[in-house]
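Every read-out reported here was derived from the displayed coordinates using simple, explicitly stated rules and does not represent laboratory data. Worth saying up front: this structure is predicted, and the values here are computed from it rather than measured. As a convention, Cβ positions derive from the backbone with ideal geometry for all residues, glycine included, and neighbour counts pool all protein chains shown.
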Amino acid sequence: MVNVKYEDPRAHAVRERYLGVFGGPELPVPVEAIAGDLLGLRVEESGEIDCSGMLLPAERRILLNAHERAGGRDDPPLRRFRFTIAHEIGHWVCHCLEGRARDPKPAFCREVDLTEVADKTLEREANVFAAELLMPEPAVREAWEELKDVTACAARFDVSPTAMQWRLHSFGLSNPPADADGLETDRKAAR
C-alpha cells in the first residue's frame, strides 16, 4: 500500500477560516458556501463549456459543466460538482491569490490539459487542494476507523466512492479502486 502524504495546508486554512467566520457542521465541507460566502466566487452552470469546470479569475466565477449534473459512474448528481468546485477553489487560492498566475487567465481541465506532454503541476496541485478541502486526513482516518466501508465514508464526506477510495489508498488504508483505469481526474481526486 502507498503511504505518501498529499497535503495542502492552504486547504485546511480555508476550511478553518470558513468555520471560524460562519460556523456550522464540519462535514460535509460546505464547498459552495466557501466559494461564495468566504471567497466571493460565483458558482454557475454552463452548457457551453467542454470541461468539468472552469475558473474565470477576472470575473470571480466558477463555471460547472451543466451536462455533468446527472453525475456519472458512482457519483450522485452533485458530488462531481462538489469536487470540481473544490478544485477550482484550489486554482483560486493556490494560483490567483498567491500571485503565481501573472495574467490570471481562465483555468480549466480539458483533455489536452491532462495529456502526458502537458504540464500537470497546476492541475495536480488543485486536485490535492480539493481532496484536502473535502476530505481532511484526520476526519477521513476517524471515519474509516469507525465505518470501515468506502461507500459509508464517501457519504459522510459527500464525495464519490472513487474519490474516497483513492484518498484512503493515499493514506495506506485501502487498495486503489478496482476500476483504476477511470478518469484521470478521479485518479487525482483524492491524492
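What does the highest-first list of 129-136, 89-96, 17-24 look like by mean Cβ count within 10 Å?
Working: 129-136: 27.2, 89-96: 23.1, 17-24: 12.0.
Packing order, densest peptide first, comes out as 129-136, 89-96, 17-24.
For the stretch 1-70, which GluC sites (Glu not before Pro) pass both filters: DSSP loop (anything but H, G, I, E, B) and at most 10 other C-beta atoms within 10 Å?
On the way: sites: Glu7, Glu16, Glu26, Glu32, Glu44, Glu45, Glu48, Glu59, Glu68; in loops: Glu7, Glu26, Glu48.
In loop regions of the stretch 1-70 (DSSP not H, G, I, E or B), the sparsely surrounded GluC sites (Glu not before Pro) are Glu48.
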